[in-house]
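To start, the structure itself, in structure tokens.
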Amino acid sequence: MQRPRLRDNKGKRQFELYPLGQIPPNMICKIGKCFTYQYLVGSKDLTGSMWGDVFAIGIGGTHLDSPLGLADVIYENQCWSTKTVKHNNPHAQGKVRVISGRCSPDYSYGITDPHEDIQKTGTSVLSIYNER
């Protein structure tokens, strides 16, 4: 897929610390340890703020812990937006609806009907966020 056109793109292209689907085992282990600790101290629920803290620990980054902006966790020249979803039976949940702003598949890729090809739209939205 081509790189998206962004309104505020300054032409800077950063390296990918963790390419999509290629999370290092040591990072997964750090996150697992944090989840285990939270459970052992009595936290039965994982809030969005807690997940941001856990993810930041996992990658060695900084959790901004702010409801404003696109970046929740930063590390070097990269950032991530972290989200949590509540569900009574999360392992059986097949779909999650994420509402996101600051991306326009129409502007960036010329996708005028986002429902025509959902897979293409989703891929373009991820590409836009990854480019940002």
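Just so it is clear, none of the values below were taken in a lab; they were calculated from the coordinates. From a predicted model like this one, the values you see are computed outputs, not experimental measurements. Virtual Cβ from ideal backbone geometry, glycine too; neighbours counted across all protein chains shown.
Things to note:
- Most positive-pole-ward Cα, 60, 35, 70, against dipole of segment 22-87 from beta carbon charges: 35
- Set of aspartates and glutamates with alpha-carbon distance to residue 95 below 19 Å, sequence-local pairs under 8 removed: 116, 117
- Distant-in-sequence amide H partners of residue 78 (H built 1.01 Å from N, under 5 Å): none
- Residue pairs exceeding 31 angstrom between C-alpha atoms, taken from 44/120; 30/120; 86/120: 44/120; 30/120.
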